[in-house]
Amino acid sequence: MFFSEARARSRTWEASPSEHRMWVEVFKACDEDHKGYLSREDFKIAVVMLFGYKPSKIEVDSVMSSVNPNTSGILLEGFLNIVRKKKEAQRYRNEVRHIFTAFDTYYRGFLTLEDFKKAFRQVAPKLPERTVLEVFREVDQDSDGHVSFRDFEYALNYGQKEA
């Protein structure tokens, strides 16, 4: 329940009017020739401007493959949808990182069984210790006695798909 609440909050997120205006301004700035769409290169620049990283070829290919073949690029509405989805994913990942950090009380970058026990005593005090151990073993994918952020994030995402 604790994890699903974080996921549910991220699904209801909407951009503020000022954020929405900024996205439109970035679109217009990247559409230098006023074509009404963003080309592949324009899109890369927009992602750098909004997210601070250059998208991979795979990411750009994925976006461009979803573009209507009758247009030459990404129209404003499609761009706004892409940005909204990326922002939602970014917010969700930040929430997961926040939860992980709350469990990682010694700031080691991984969680031990003791960290799990302590966390579950706080969020689900009546949960049997055996269940906590089973959850830990399930999340600790490589069975090294440590749950990395990647393991933790995978477990939360996998759990959402199952729910």
Local electrostatic count at Ala15 - Lys and Arg +1, Asp and Glu -1, tallied over other residues with Cβ under 9 Å: 0
Summed residue charge, Cβ within 15 Å of Tyr37's Cβ, Lys/Arg positive, Asp/Glu negative: -2
222 nm mean residue ellipticity, helices alone, for the chain (DSSP H n ≥ 4; -39,500 (n - 2.57); rounded to 500): -21500 deg cm²/dmol
Mean accessible surface per residue for segment 104-159, computed with a 1.4 Å probe while every protein chain stays in place, in Å²: 67
Summed side-chain charge close to Phe103 - residues other than Phe103 whose Cβ falls under 14 Å, Lys, Arg +1, Asp, Glu -1: -2
Kirkwood hydrodynamic radius (C-alpha pairs) into Stokes-Einstein, segment 17-87, 4 °C and 1.567 mPa s, D in µm²/s: 107
Residue-level accessible surface for Glu138, protein heavy atoms, 1.4 Å, Å²: 140
Probe 1.4 Å, protein heavy atoms only - accessible area per residue of segment 17-87 in square angstrom: 61
Percent carbon-and-sulfur accessible area, the chain, ignoring ligands, DNA and RNA, probe 1.4 Å: 53
Viscosity 1.306 mPa s, temperature 10 °C, Stokes-Einstein D of the chain from Kirkwood C-alpha radius, µm²/s: 86
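The values are calculated or read from the model by the stated rules, or taken from the named source; none is laboratory data. Please read these numbers as outputs of a predicted model, since none were measured by experiment. Positions of Cβ are generated from backbone atoms using ideal geometry, with glycine treated the same way; all protein chains shown enter the neighbour counts. Ligands, DNA and RNA are stripped out before the accessible areas are found, and what is left, the full protein with its side chains, is counted by its heavy atoms. Shrake-Rupley method; radii C 1.70, N 1.55, O 1.52, S 1.80 Å.
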